[in-house]
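Presented below is the structure to which this report refers.
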Amino acid sequence: RRSGQYTMNHDHSKKTPDGAAFDRAGSQDSLDELAMDDYWKELENIHETRGNNHEERVALVVKEPDEGELEEEWLKEAGLSNLFGESSGDSLESVVFLSTLTRTQKAAVEKRVETVTQTMRKKNKQHQIPDVRDIFRVQNDSKGKVCDGSEPSTVRTSENKSETQDGTKGPNFSLGMDEQKSPPEDMPFSDTDINLEIPFAEQAANLKDSSIGKMCKGGGGDTLLPNFRLPKDKTGTTKIGDLAPQDMKKVYSLALIELTALYDILGTEFKQQKAVKIKTKDSGLFGVPLSVLLEQDQKKVPGTKIPLIFQKLIAQIEEATLETEGLLRIPGVATRIKSLCQELEAKFYEGTFNWENVKQHDAASLLKLFIRELPQPLLTVEYLKAFQDVQNLPTKKQQLQALNLLVLLLPEANRDTLKVLLEFLQRVIDHRDKNKMTLKNVAMVMAPNLFTFHGFGSKTIEQSEFVMAAGTANVMRFMIQYQKLLWTIPKFIVNQVRKQNTERQKKEKKDKAMKKLLKKMAYDREKHEKQEKTPNDADVPQGVIRVQAPHLSKVSMAIQLTEELKAGDVVARFLSQKSGNVQTLKKEEVFLYEIGGNIGERCLDDDTYMKDLYQLNPNAEWVIKSKQS
């Protein structure tokens with residue numbers, strides 16, 4: 001019966017008129033019959049293990065939201081819940097936040113607020129929503145450019161006004177930083193350069209307007225995915241993990257709004273799914289939520305960010321050799337997988353499990369089983385559909401931009417685990433000459449494990465399987481191929497965070513209630529500085545920065561800024577000053593950090609040009625430390 005279903009699916013995928021997404025993706029990347037075979041076979045193996053193993057599985061219900069509920073949830077996620085409902089009074093943060101948004105981001109927020117207010121009126125829940133109308137009032141004279149919207153007009157002073165007008169010159173809502181003023185089509189960026197300076201939705205809108213929205217199509221095969229790259233940024237590339245948690249929260253909100261704006265511009269619906277909570281296991285290995293697993297594991301290995309079983313299975317596969325033909329594609333024996341599962345559950349944490357009994361193909365099957373059995377998908381219930389829908393975006397560059405934003409939206413545990421998985425898959429592909437597993441093959445085999453999620457009620461998945469197959473495999477290819485780019489925080493988002501921090505600091509200073517506190521803080525700071533005898537600005541000549549390194553033998557150094565000085569040079573200068581009594585730190589263990597001013601904390605990449613960054617954040621302190629401290 002199962003093989004019958006398999007061939008039916010297979011034929012169906014070629015004939016169905018409504019398999020449009022499949023056909024399009026097929027023509028776009030000519031994923032040949034043979035490669036698709038891997039996908040269907042993998043699906044068959046999955047059904048087989050599921051049949052043997054998990055009749056008792058509870059499906060995770062995905063709730064159909066009521067009207068306005070999705071938008072309300074979206075505003076909460078974006079940190080803008082105080083634009084509606086009872087809490088609409090406390091909106092200093094929101095006002096600051098909204099004042100830093102681009103034209104397309106504002107439109108996305110406005111659209112959701114509108115829906116929520118209409119729904120509330122219908123439900124006779126009409127609350128006062130004082131700020132929204134003012135914040136979004138487009139000035140008549142701005143002729144459809146960016147709405148100034150820095151704060152409600154009732155409290156706008158003339159001083160604010162000129163500030164705001166300065167801050168919103170040009171169609172790209174300059175963030176008061178060194179943002180490009182010209183639209184993307186004039187930029188010296190090539191087709192394969194990913195421009196991280198101009199917001200993605202603005203780029204899409206400009207492409208639309210300039211009617212040169214050429215589709216970037218390529219044929220099939222590994223080589224034909226464009227060789228996308230990030231042009232060098234003098235102020236340094238910011239990776240996930242480089243920013244402090246309070247700034248990462250802002251990054252999350254901005255990424256959500258930007259992704260929604262991008263989907264709005266491109267006419268693709270962006271819907272977050274919502275899972276109804278179900279009872280999950282609170283111990284064990286398979287079918288346990290990531291957060292529970294990590295809690296268990298951190299008791300064994302403090303600071304663990306990736307489940308130990310996941311790390312061990314990957315190590316087990318790599319131990320044998322990655323040159324084994326058909327690695328990841330050839331399944332282990334289903335009955336043996338089941339008994340290994342039970343044995344691991346019983347003995348893994350006690351350390352009595354005998355890994356010598358685990359064949360390489362079994363370990364690979366267990367790794368895929370682990371991913372599938374997570375009670376919520378690795379790509380999360382909220383965003384799994386959005387990841388799938390990436391395939392519907394018009395150009396490959398836009399697909400990559402959307403994936404970049406989606407990775408920023410994943411919870412830390414999911415993102416870290418996904419990263420380790422993608423890095424491992426790349427290592428498998430590096431041995432493709434021997435193991436015959438190309439990027440395409442690996443993507444075909446892994447896509448069903450990440451994208452066909454038992455929780456969504458298997459019926460809908462079954463019916464749309466053939467439509468999804470090639471599309472999700474393409475998304476999988478993108479994630480593996482461009483993983484380095486996907487873990488970068490776009491510069492325009494970092495600039496918006498800087499702008500928010502600056503605006504908030506300005507607003508706080510103007511707030512009367514804060515004055516007293518600021519006075520006390522200034523007094524304390526002065527006292528502290530006198531005690532520390534740290535040179536203040538007057539002591540540090542122009543064009544020189546003071547770098548602190550509390551853990552190194554040379555604790556502090558004044559460094560002259562030159563055009564060519566990079567963060568790596570600063571660290572090297574400190575490390576060359578080592579004295580015998582300080583523990584030796586390797587170059588790769590310590591980094592220069594930018595702290596305060598308009599950012600919470602940011603770990604700098606070695607190629608950051610210090611003078612350019614100093615101009616972007618003149619009030620920062622500069623500290624050398626290791627990632628742990």
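Worth a mention:
- For region 418-428, 3J(HN,Hα) per residue [Karplus equation, 6.51 cos²θ - 1.76 cosθ + 1.60, θ = phi - 60°, Hz, x = Gly/Pro]: 4, 4, 4, 4, 5, 5, 5, 4, 5, 5, 4
- In this structure, the amide hydrogen of residue 274, modeled 1.01 Å from its nitrogen in the peptide plane, lies closer than 5 angstrom to those of 63, counting only residues at least 5 positions away or on a different chain.
- Accessible area expressed per residue, region 541-628, with surrounding protein chains retained (probe 1.4 Å, Å²): 49
- What the phi angles of region 561-574 give under the Karplus curve with 6.51, -1.76 and 1.60, with θ = phi - 60°, is a coupling list of 7, 10, 4, 9, 5, 10, 4, x, 5, 5, 4, 4, 4, 5 Hz, glycine and proline written as x.
- Toward the positive end of the charge dipole of region 541-628, with +1 on the Cβ of Lys and Arg and -1 on the Cβ of Asp and Glu, the farthest Cα among 600, 557, 614 is that of 557.
- Subtracting the Cα-Cα distance of residue 282 and residue 330 from their residue separation scaled by 0.36 nm leaves 14.1 nm.
- C-alpha center-to-center spacing [region 243-317, region 383-422] in angstrom: 12
- Residue-wise HN-Hα coupling along region 390-397, computed from phi with Karplus coefficients 6.51, -1.76, 1.60 (Hz; x: Gly, Pro): 3, 4, 8, 6, x, 10, 5, 5
- With DNA, RNA and ligands ignored, accessible area of residue 576 (1.4 Å probe; Å², nearest 10): 90
- Full extension of the chain between residue 544 and residue 427 yields a length gain of 37.7 nm, computed as 0.36 nm times the residue separation minus the alpha carbon distance.
- In the assembled protein chains, residue 614 presents an accessible area of approximately 60 Å² (probe radius 1.4 Å).
- Taking the Cα centre of region 304-420 as origin and assigning +1 to Lys and Arg Cβ atoms and -1 to Asp and Glu Cβ atoms, the resulting dipole is close to 400 debye.
- Computed magnitude of the charge dipole of region 541-628 (debye, nearest 20; Cβ of K, R +1, Cβ of D, E -1): 420
- For the set 39, 609, 349, the ranking by accessible area, highest first and with no ligand, DNA or RNA atoms included, is 349, 609, 39 under a 1.4 Å probe.
- Given their separation in residues at 0.36 nm each and the Cα-Cα distance between them, residue 420 and residue 505 gain 26.8 nm when the chain is fully extended.
- For residue 544, the residues whose amide H sits under 5 Å from its own are 561, ignoring neighbours fewer than 5 places away on the same chain, with H placed 1.01 Å from N.
- Calculated FRET efficiency, residue 76 to residue 518, Cβ-Cβ distance, R0 = 45 Å: about 0.90 to the nearest 0.05.
- Pairwise label distance in nanometres, residue 342 with residue 556, each label 7 Å out on the Cα-Cβ vector: 6.6
- Of the peptides 593-606, 236-249, the ranking by mean beta-carbon count within 10 Å, highest at the top, reads 593-606, 236-249.
- For residue 333, residues with placed amide H under 5 Å, excluding near neighbours: none
- Estimated inter-spin distance, residue 588 and residue 123, nm [label 7 Å along Cα→Cβ]: 5.3
- Order of exposure, largest accessible area first, which applies to 588, 563, 373, 323 with probe 1.4 Å: 588, 563, 323, 373
- Solvent-accessible surface (1.4 angstrom probe) belonging to residue 278, in square angstrom, nearest 10: 50
- Region 541-628 shape via C-alpha gyration tensor axes, a/c threshold 1.5: prolate
The values are calculated or read from the model by the stated rules, or taken from the named source; none is laboratory data. This one's a predicted model, so the numbers in the text were calculated from it and none came from an experiment. Neighbour counts run over all protein chains shown; Cβ positions are idealised from the backbone, glycine included. Accessible surface areas use protein heavy atoms only, side chains included; no ligands, DNA or RNA. Shrake-Rupley method; radii C 1.70, N 1.55, O 1.52, S 1.80 Å.
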